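Peer 1: After the structure tokens below, expect a handful of questions from me.
The values are calculated or read from the model by the stated rules, or taken from the named source; none is laboratory data. What you see is a predicted model, and the numbers here were worked out from it, not measured in a lab. Every residue, glycine as well, gets a Cβ built from its backbone with ideal geometry; the counts of neighbours run over all protein chains shown. Accessible surface areas use protein heavy atoms only, side chains included; no ligands, DNA or RNA. Shrake-Rupley method; radii C 1.70, N 1.55, O 1.52, S 1.80 Å.
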Amino acid sequence: MTEQARAAIARLVVDVPDFPEPGVVFKDIAPLLADPDGLAAVVDGLAHAGRDAEGAPTVDAVVGIEARGFLLGTPVALALGVGFVAVRKAGKLPRSTHAVSYDLEYGSATLEVQQDALRPGQRVLLVDDVLATGGTVAATRELVERTGASVAGVALLMELSFLPGRATVGDLPVSALVTV
Ligand code: AMP
């Protein structure tokens, strides 16, 4: 199934040059999400990172990063039989939150998670579409750790190997279905 996921990504993710700004090649996953076989294959491929050799889930929850991490992470949580937790941009979540700010190429961003979304000791799988500089995953790890939970792994559709994402996320196990 992972081979099918790789083939679906190669066939259905569209490179969009100079979006959203000059010099960036945006990975547009909309055609992949719209293809039922492709979507099933990548959800299965991502869920693999949250299973042991017998296929049993090794995590207590899936954490998805706004916004494409929601689209991919929720079906991965269903496939693993665990719940889904949203990490959102600042100001979107009601009630008490933890917040972590991190640097972007220009400026900074803040991500939040609800304080009661995870319990101490829980192990989570982070899901997102693309690992670029790694800042988003590193900030999400910090948020998860503020709740007392820990990140067991990171499952991604694509890793951009010309950017320092792996180095930024340090010792976290990262599973990317495709490296470009
Ligand atoms: P980074 O924090 O630099 O690793 O960026 C990762 C976040 O930005 C992810 O949530 C991605 O959805 C998004 N992202 C970064 N680069 C791209 C790209 N080339 N195409 C699509 N999404 C991207």
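Peer 1: For Gln4 and Leu78, what is the calculated FRET efficiency with R₀ set at 25 Å and r taken between the beta-carbons, to the nearest 0.05? Could the numbers behind the result be given before it?
Peer 2: On the way: r = 19 Å, r/R0 = 0.75.
Once the sixth-power term is evaluated, E becomes 0.85.
Peer 1: What share of the DSSP beta bridges in segment 64-145 is antiparallel, in percent to the nearest 5?
Peer 2: Counting only bridges with both partners in segment 64-145, antiparallel ones make up about 75 percent.
Peer 1: Quote the charge dipole size of segment 2-179 about the Cα centre in Debye, to the nearest 20; the model charges only the Cβ of Lys and Arg (+1) and of Asp and Glu (-1).
Peer 2: 440 debye
Peer 1: Going through segment 51-140, which GluC sites (Glu not before Pro) have at most 13 other Cβ atoms within 10 Å and a DSSP loop state?
Peer 2: Those that pass, being in a loop and sparsely packed, are Glu54, Glu105.
Peer 1: Based on Cα coordinates alone, diagonalise the gyration tensor for segment 37-144, multiply each eigenvalue by 5, take square roots, and list the semi-axes in whole Å, largest first.
Peer 2: Largest first, segment 37-144 gives 24, 16, 12 Å.
Peer 1: While we're looking at this one, here's another question. Would you kindly compute the Cα radius of gyration of the chain and its largest Cα-Cα separation (Dmax), both in Å?
Peer 2: When restricted to the Cα atoms of the chain, Rg and Dmax are 15.5, 46 Å.
Peer 1: Let me ask something else. Using the Kirkwood radius over Cα pairs, work out the Stokes-Einstein diffusion coefficient for segment 86-180 at 10 °C and 1.306 mPa s, in µm²/s as a whole number.
Peer 2: Values: Rh = 13.7 Å.
Calculated translational D: 116 µm²/s.
Peer 1: Let me ask another. Got a number for carbon plus sulfur as a percent of the chain's accessible area, 1.4 Å probe? Working shown, then result.
Peer 2: Working: 4680 of 8810 Å².
That share works out to 53 percent.
Peer 1: Just to confirm, what accessible area per residue do you get for segment 2-179 at 1.4 Å probe, in whole Å²?
Peer 2: 49 Å²
Peer 1: Still on this model: Please compute, for the alpha-carbon atoms of segment 1-88, the extent along each of the three principal axes and give them in descending order in Å.
Peer 2: 43, 30, 19
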